[in-house]
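This report concerns only the one structure given below.
The values are calculated or read from the model by the stated rules, or taken from the named source; none is laboratory data. Every value quoted in this text rests on a predicted model; they were computed, and no experiment measured them. Backbone-built Cβ (ideal geometry, glycine too); neighbour counts: all protein chains shown.
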Amino acid sequence: MMVDRVVDLLGPVPPGVVIDATVGGGGHSAAVLEAHPHLSVIGIDRDQEAVAAARERLAPFGDRAHVVHARFDDLSRVVEEHGHELISGAIFDLGVSSPQLDTAERGFSYRRDGPLDMRMDRGTSPSAADLVNQLPEDELADLLRRLGDERYDRRVARAIVAARPLHRTGELADVIRSAIPAARRGGRDPARRTFQALRIAVNDELAVLPGALDTAIERLVPGGRVVALAYHSGEDRIVKERFRHAASGGCVCPPGLPCVCGAVPTVRLLKAGAWKSDATEVAENRRAESARLRAVERLPGGDAA
């Protein structure tokens with residue numbers, strides 16, 4: 001199970017605080033706290049309902065656990081406000097959580113009818129309905145292609161524009177399904193990619209991720225680790241690129257030649273590629289099929305924040 005691997009990866013880190021940058025319902029944090037008495041956790045989430053759920057779940061751990069309503073690109077401020085300069089680890093479990101998907105009123109699910117919302121922090125804007133009903137067709141198609149890897153982006157965008165206004169997830173899902181011929185759908189719901197793209201756009205997820213990962217790495221103590229779990233190819237590409245950048249020290253020398261630019265690596269990759277879910281986990285949770293887990297460890301020496 002991925003949660004077990006996350007717990008194992010954080011076992012060797014020095015005593016201190018771990019930032020759960022996407023705390024959700026507190027599952028990863030609870031598992032880490034139970035397994036590793038030398039660690040405490042500060043959980044961060046932009047979803048106020050997730051913050052409430054995580055606080056309840058982590059309450060038995062007392063002062064070892066704190067949960068804050070914030071975006072993970074605000075990581076440095078949160079760390080400092082809790083009296084820390086450096087951290088022993090960080091967890092990024094990216095994307096939408098099961099409680100968000102399972103609650104129709106949040107508007108994340110193409111299987112459950114609800115308002116077309118998708119905001120993780122409902123105090124912000126725009127909503128998915130704003131994008132669906134206001135974006136020009138070309139911009140909507142571009143969004144679906146870039147953030148959802150939707151190969152029928154123009155066909156879907158054209159159908160959405162023709163069906164406006166749309167205010168319910170069920171309406172949108174039906175429009176998408178009607179736009180993609182059954183013979184071209186493959187084995188998964190054709191609405192999945194469009195919903196994914198809208199969710200990422202609404203919450204500006206990819207834009208804030210690189211800086212948050214860099215900050216987490218900068219804040220690590222020697223021997224500290226950052227663990228990132230991605231379910232979307234765009235998220236995973238960013239994680240891989242930022243981890244490799246830190247592992248190379250930002251080297252700009254041609255590949256295959258000795259480094260002469262003076263770059264100094266700050267981390268080492270704990271695996272050359274990514275860990276993936278096994279068949280048992282995929283059978284229990286279809287979403288696990290796309291999971292990619294990567295991790296780095298801070299090297300001795302170098303400057304920390």
Query raised in the report: Where residues in region 134-169 are under 25 Å from GLU289 (Cβ atoms) and over 24 Å from the mean Cα position of the chain (by Cα), which of them is modelled with the highest pLDDT?
Result: VAL156
Query raised in the report: Would you pick out the residues in region 210-235 that are in a helix (DSSP H, G or I), surrounded by 17 or more Cβ atoms within 10 Å (Cβ to Cβ) and modelled with pLDDT under 95?
Result: GLY234, GLU235
Query raised in the report: Restricted to region 261-305, and to residues that are surrounded by 10 or more Cβ atoms within 10 Å (Cβ to Cβ), aliphatic (A, V, I, L, M) and part of a loop (DSSP other than H, G, I, E, B), which residue is nearest to the chain's Cα centre (by Cα)?
Result: ALA291
Report task. Name, by its number, the condition in (1) assigned to a helix (DSSP H, G or I); (2) crowded, with 16+ Cβ neighbours inside 10 Å; (3) touching a Gly at 6+ places or on another chain (Cβ under 7 Å) that does not hold for GLU105. Result -> (2)
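Quick one: is ALA59 small (Gly, Ala, Ser), within 21 Å of the chain's Cα centre (by Cα) and in a helix (DSSP H, G or I)? Can you show your working first?
On the way: small (Gly, Ala, Ser): yes; within 21 Å of the chain's Cα centre (by Cα): no; in a helix (DSSP H, G or I): yes.
In short, no.
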Query - Residue count, region 1-27 (criterion: under 22 Å from GLU80 (Cα atoms) and of a type outside the set (A, V, I, L, M)) - result: 7
Report summary line: When every residue in region 53-97 that is farther than 19 Å from LEU33 by Cα and among the hydroxyl-bearing types (Ser, Thr, Tyr) is compared, the one surrounded by the fewest Cβ atoms within 10 Å (Cβ to Cβ) is SER76
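Here are VAL3, VAL51, VAL23: which of them is of a type outside the set (Ser, Thr, Tyr), touching an Asp or Glu at 6+ places or on another chain (Cβ under 8 Å), assigned to a helix (DSSP H, G or I) and in contact (Cβ under 8 Å) with a residue 12 or more places away in the chain? Before you say what the answer is, go through the steps one by one.
Details: VAL3 fails: touching an Asp or Glu at 6+ places or on another chain (Cβ under 8 Å); VAL23 fails: assigned to a helix (DSSP H, G or I).
Selected residue: VAL51, the only one of VAL3, VAL51, VAL23 that is of a type outside the set (Ser, Thr, Tyr), touching an Asp or Glu at 6+ places or on another chain (Cβ under 8 Å), assigned to a helix (DSSP H, G or I) and in contact (Cβ under 8 Å) with a residue 12 or more places away in the chain.
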Query - Any hit, region 282-305, residues being free of Cβ contacts under 8 Å to residues at least 60 places away in the same chain, in contact with a helix residue (DSSP H, G or I) (Cβ under 9 Å, 6 or more places away or on another chain) and closer than 28 Å to GLU80 by Cβ - result: yes
Report summary line: Taking region 286-297 and keeping only residues that are modelled with pLDDT under 75 and under 19 Å from ASP8 (Cβ atoms), one is left with ALA288
Query raised in the report: Can you name every residue in region 62-97 that is under 22 Å from the mean Cα position of the chain (by Cα) and free of Cβ contacts under 8 Å to residues at least 12 places away in the same chain?
Result: ARG77
